[in-house]
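Worksheet: the structure to be examined is printed underneath.
Only the coordinates and a few stated rules stand behind these numbers; no lab work does. Please read all numbers here as calculations on a predicted model, not as lab measurements. Positions of Cβ are backbone-derived with ideal geometry, glycine not excepted, and every protein chain shown enters the neighbour counts.
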Amino acid sequence: MQVSDIVYLDICCFKRPFDDATEERVRREAEAVATVLDQASRGTVRLVRSPAHDFENERNPREDRRLATSLWLETAVVRVSASGEAGERARDLAALGFSPLDALHLAFAEQSEARWFVTTDDRLLKRARVHRERLSVHVLRPDQLPLPAEGDEA
């Protein structure tokens, strides 16, 4: 990964640290998300914040999780705004079978020119594999993100 890499974390990634870490996959993904957030705070990677993040986070009934996610989203240095282009792209992606909200997140990730779209959502991952040739962003799980080892330079 290089400093110029832009990473779009799906909102489920921000929730992963709150999940049951006794499951191996959950623990690995939570650790990977924590590493991404740490690297974002140090400027090693650039996180994206979109209106879809804010919309979905505001719907979270758990205030502690909503507030933590808001703080983590503040580390995003790449911000995208709603646009007709993103809306049109989201409609195209929804026609491919992505849920409307997932399609919107993907459209914003593409608009931000993110290299990586990171999610823990298995349905989204599967749909993205099927349509990878139609996406301009690589979709993967947090523990699949090629992060530099501690102490390595980006």
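Computed from Cα positions, the angle between helix 24-42 and the longest principal axis of the chain comes to roughly 90 degrees. Modelled spin-label separation between residue 28 and residue 138, with each label point placed 7 Å from Cα along the Cα-to-Cβ direction: 1.7 nm. Each peptide among 19-27, 72-80, 123-131 gets the average number of other Cβ atoms lying within 10 Å of its residues, and from highest to lowest they stand as 72-80, 123-131, 19-27. Residues considered: 50, 136, 81. Largest GNM mean-square fluctuation over the chain, using C-alpha springs under 10 Å, is found at 81.
Across segment 120-132, computed HN-Hα scalar couplings (Karplus, 6.51 cos²θ - 1.76 cosθ + 1.60, θ = phi - 60°) run 10, 7, 4, 5, 5, 4, 5, 5, 5, 4, 4, 10, 4 Hz from first to last residue, x flagging Gly and Pro.
Amide H contacts of residue 77 (H built 1.01 Å from N, in plane; Pro and chain starts excluded): 47 sit under 5 Å, all sequence-distant by 5 or more or on other chains.
Per-residue Karplus couplings for segment 45-57, computed as 6.51 cos²θ - 1.76 cosθ + 1.60 with θ equal to phi - 60°, are listed in order as 10, 10, 8, 9, 10, 10, x, 5, 4, 5, 4, 5, 5 Hz, Gly and Pro entered as x. Gain on full extension, evaluated as 0.36 nm per residue between residue 55 and residue 91 minus their Cα-Cα distance, stands at 11.2 nm. The magnitude of the dipole of the chain, with charges of +1 and -1 set on the Cβ of Lys/Arg and Asp/Glu and taken from the Cα centre, is near 380 debye. Computed over the chain, the per-residue total of -39500 (n - 2.57) for DSSP H runs of n ≥ 4 gives a 222 nm mean residue ellipticity of -15000 deg cm²/dmol, rounded to 500.
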